[in-house]
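The values are calculated or read from the model by the stated rules, or taken from the named source; none is laboratory data. Small disclaimer: the values here were computed from a predicted structure and weren't measured. Here the Cβ positions follow ideal geometry from the backbone for every residue, glycine too, while neighbour counts run over all protein chains shown.
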Amino acid sequence: MEDNKTWHEKHKDASKFGQRLADSVATGMGSWRFIIIQTVIVIAWMTANVVGFIYHWDVYPYILLNLLFSTQAAYAAPIIMMAQNRQSERDRHHAEQDFKTNVEAKKEIELLIEKLNSIEVEKLDKILELLQGKESKKK
(Lines give C-alpha, C1' and ligand atoms only; values in the text may rest on other atoms or scores of the structure.)
Protein backbone atom coordinates (compact mmCIF):
# COMPACT_ATOMS: atom_id res chain seq x y z
CA MET A 1 0.00 0.00 0.00
CA GLU A 2 1.35 3.40 -0.99
CA ASP A 3 1.94 6.01 1.71
CA ASN A 4 0.28 9.27 0.63
CA LYS A 5 1.46 11.38 3.56
CA THR A 6 3.47 14.51 2.90
CA TRP A 7 6.93 14.96 4.41
CA HIS A 8 5.42 17.39 6.94
CA GLU A 9 2.78 14.88 8.07
CA LYS A 10 5.40 12.13 8.40
CA HIS A 11 7.65 14.47 10.39
CA LYS A 12 4.76 15.52 12.65
CA ASP A 13 3.73 11.88 13.24
CA ALA A 14 7.31 11.06 14.26
CA SER A 15 7.30 13.82 16.90
CA LYS A 16 7.32 12.81 20.52
CA PHE A 17 4.92 14.25 23.11
CA GLY A 18 7.52 16.68 24.51
CA GLN A 19 8.39 17.95 21.04
CA ARG A 20 4.74 18.56 20.16
CA LEU A 21 4.23 20.27 23.53
CA ALA A 22 7.24 22.56 22.95
CA ASP A 23 5.88 23.49 19.51
CA SER A 24 2.44 24.25 20.98
CA VAL A 25 3.83 26.35 23.84
CA ALA A 26 6.09 28.34 21.49
CA THR A 27 3.20 28.90 19.10
CA GLY A 28 0.97 30.07 21.95
CA MET A 29 3.57 32.35 23.51
CA GLY A 30 4.35 33.89 20.15
CA SER A 31 0.79 35.04 19.55
CA TRP A 32 -1.09 38.27 20.05
CA ARG A 33 -3.64 36.37 22.10
CA PHE A 34 -0.95 35.50 24.68
CA ILE A 35 0.33 39.09 24.80
CA ILE A 36 -3.16 40.51 25.25
CA ILE A 37 -4.11 38.00 27.96
CA GLN A 38 -0.85 38.57 29.82
CA THR A 39 -1.31 42.36 29.58
CA VAL A 40 -4.83 42.08 31.00
CA ILE A 41 -3.56 39.92 33.87
CA VAL A 42 -0.75 42.39 34.68
CA ILE A 43 -3.14 45.35 34.64
CA ALA A 44 -5.61 43.45 36.85
CA TRP A 45 -2.79 42.45 39.23
CA MET A 46 -1.53 46.02 39.57
CA THR A 47 -5.03 47.46 39.88
CA ALA A 48 -5.97 44.94 42.57
CA ASN A 49 -2.84 45.83 44.53
CA VAL A 50 -3.28 49.59 44.19
CA VAL A 51 -7.02 49.68 44.84
CA GLY A 52 -7.13 46.83 47.37
CA PHE A 53 -8.66 48.32 50.50
CA ILE A 54 -8.11 45.39 52.83
CA TYR A 55 -5.13 43.40 51.65
CA HIS A 56 -2.24 44.25 49.32
CA TRP A 57 -0.51 40.91 48.64
CA ASP A 58 2.12 42.40 46.30
CA VAL A 59 2.75 46.07 46.96
CA TYR A 60 4.72 48.31 44.60
CA PRO A 61 7.33 47.51 43.09
CA TYR A 62 5.43 44.22 42.60
CA ILE A 63 8.21 41.84 43.63
CA LEU A 64 5.92 38.77 43.45
CA LEU A 65 4.83 39.74 39.93
CA ASN A 66 8.49 40.12 38.93
CA LEU A 67 9.21 36.68 40.41
CA LEU A 68 6.34 35.19 38.38
CA PHE A 69 7.68 36.81 35.20
CA SER A 70 11.21 35.56 35.93
CA THR A 71 9.91 32.03 36.47
CA GLN A 72 7.86 32.21 33.30
CA ALA A 73 10.90 33.43 31.33
CA ALA A 74 13.13 30.73 32.85
CA TYR A 75 10.79 28.04 31.52
CA ALA A 76 9.71 29.77 28.33
CA ALA A 77 13.20 30.40 26.93
CA PRO A 78 14.34 26.76 26.73
CA ILE A 79 10.92 25.62 25.47
CA ILE A 80 10.99 28.22 22.70
CA MET A 81 14.57 27.22 21.84
CA MET A 82 13.45 23.57 21.59
CA ALA A 83 10.71 24.62 19.19
CA GLN A 84 13.19 26.68 17.15
CA ASN A 85 15.54 23.70 16.96
CA ARG A 86 12.66 21.55 15.75
CA GLN A 87 11.77 24.19 13.16
CA SER A 88 15.37 24.13 11.94
CA GLU A 89 15.15 20.33 11.75
CA ARG A 90 11.91 20.58 9.75
CA ASP A 91 13.47 23.16 7.41
CA ARG A 92 16.53 20.96 6.90
CA HIS A 93 14.33 17.93 6.18
CA HIS A 94 12.21 19.99 3.77
CA ALA A 95 15.33 21.20 1.95
CA GLU A 96 16.57 17.60 1.61
CA GLN A 97 13.22 16.51 0.17
CA ASP A 98 13.24 19.46 -2.25
CA PHE A 99 16.76 18.55 -3.34
CA LYS A 100 15.78 14.91 -3.96
CA THR A 101 12.74 16.03 -5.96
CA ASN A 102 14.88 18.42 -7.99
CA VAL A 103 17.45 15.70 -8.75
CA GLU A 104 14.70 13.32 -9.89
CA ALA A 105 13.12 16.04 -12.03
CA LYS A 106 16.50 16.85 -13.58
CA LYS A 107 17.01 13.19 -14.51
CA GLU A 108 13.56 13.02 -16.07
CA ILE A 109 14.16 16.22 -18.03
CA GLU A 110 17.51 14.92 -19.27
CA LEU A 111 15.82 11.69 -20.44
CA LEU A 112 13.13 13.70 -22.22
CA ILE A 113 15.76 15.85 -23.93
CA GLU A 114 17.59 12.71 -25.09
CA LYS A 115 14.34 11.26 -26.41
CA LEU A 116 13.46 14.49 -28.21
CA ASN A 117 16.95 14.66 -29.70
CA SER A 118 16.70 11.08 -30.95
CA ILE A 119 13.28 11.79 -32.47
CA GLU A 120 14.70 14.90 -34.12
CA VAL A 121 17.66 12.97 -35.53
CA GLU A 122 15.33 10.26 -36.85
CA LYS A 123 13.14 12.85 -38.57
CA LEU A 124 16.17 14.57 -40.09
CA ASP A 125 17.43 11.19 -41.35
CA LYS A 126 14.04 10.48 -42.97
CA ILE A 127 13.98 13.93 -44.55
CA LEU A 128 17.48 13.37 -45.95
CA GLU A 129 16.42 9.96 -47.30
CA LEU A 130 13.40 11.52 -48.98
CA LEU A 131 15.50 14.32 -50.47
CA GLN A 132 18.12 11.83 -51.70
CA GLY A 133 15.35 9.68 -53.15
CA LYS A 134 13.98 12.66 -55.09
CA GLU A 135 17.44 13.60 -56.36
CA SER A 136 18.13 10.05 -57.54
CA LYS A 137 14.76 9.97 -59.38
CA LYS A 138 15.63 13.24 -61.15
CA LYS A 139 18.89 11.81 -62.48
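Under 6 Å by Cβ, and 6 or more places apart or on different chains, what pairs join a residue from region 97-114 that is touching a residue at least 24 places away in the same chain (Cβ under 8 Å) with one that is assigned to a helix (DSSP H, G or I) and surrounded by 10 or more Cβ atoms within 10 Å (Cβ to Cβ)? Filtered contacts from region 97-114: GLN97/TRP7. Residue check: GLU129 meets all listed conditions (1) within 30 Å of ARG20 (Cα to Cα); (2) surrounded by fewer than 11 Cβ atoms within 10 Å (Cβ to Cβ); (3) of a type in the set (Asp, Glu) but one, namely (1). The single residue among LEU124, LEU112 that is modelled with pLDDT of 95 or more, surrounded by 10 or more Cβ atoms within 10 Å (Cβ to Cβ), more than 30 Å from THR27 (Cβ to Cβ) and not polar (S, T, N, Q) turns out to be LEU112.
Every test in (1) in a helix (DSSP H, G or I); (2) modelled with pLDDT under 90; (3) under 30 Å from THR101 (Cβ atoms) is passed by LEU21 save one, and that test is (3).
Within region 16-33, residues that are among the polar types (S, T, N, Q) have Cβ atoms under 7 Å from residues that are surrounded by 11 or more Cβ atoms within 10 Å (Cβ to Cβ) in these pairs: GLN19/ARG86, counting only partners at least 6 apart in sequence or on another chain.
Only residues that are surrounded by 12 or more Cβ atoms within 10 Å (Cβ to Cβ) and assigned to a helix (DSSP H, G or I) were counted in region 38-59, giving 7. Going residue by residue through region 117-129, is there one that turns out to be of a type in the set (Ser, Thr, Tyr), without any contact (Cβ under 8 Å) to a residue 12 or more places away in the chain and in a helix (DSSP H, G or I)? For region 117-129, residues of a type in the set (Ser, Thr, Tyr), without any contact (Cβ under 8 Å) to a residue 12 or more places away in the chain and in a helix (DSSP H, G or I): present. Does ILE80 satisfy being part of a helix (DSSP H, G or I), at pLDDT 95 or above and either in contact with a Ser or Thr (Cβ under 8 Å, 6 or more places away or on another chain) or surrounded by 10 or more Cβ atoms within 10 Å (Cβ to Cβ) (or both)? Here the answer is no, as ILE80 does not meet what is asked.
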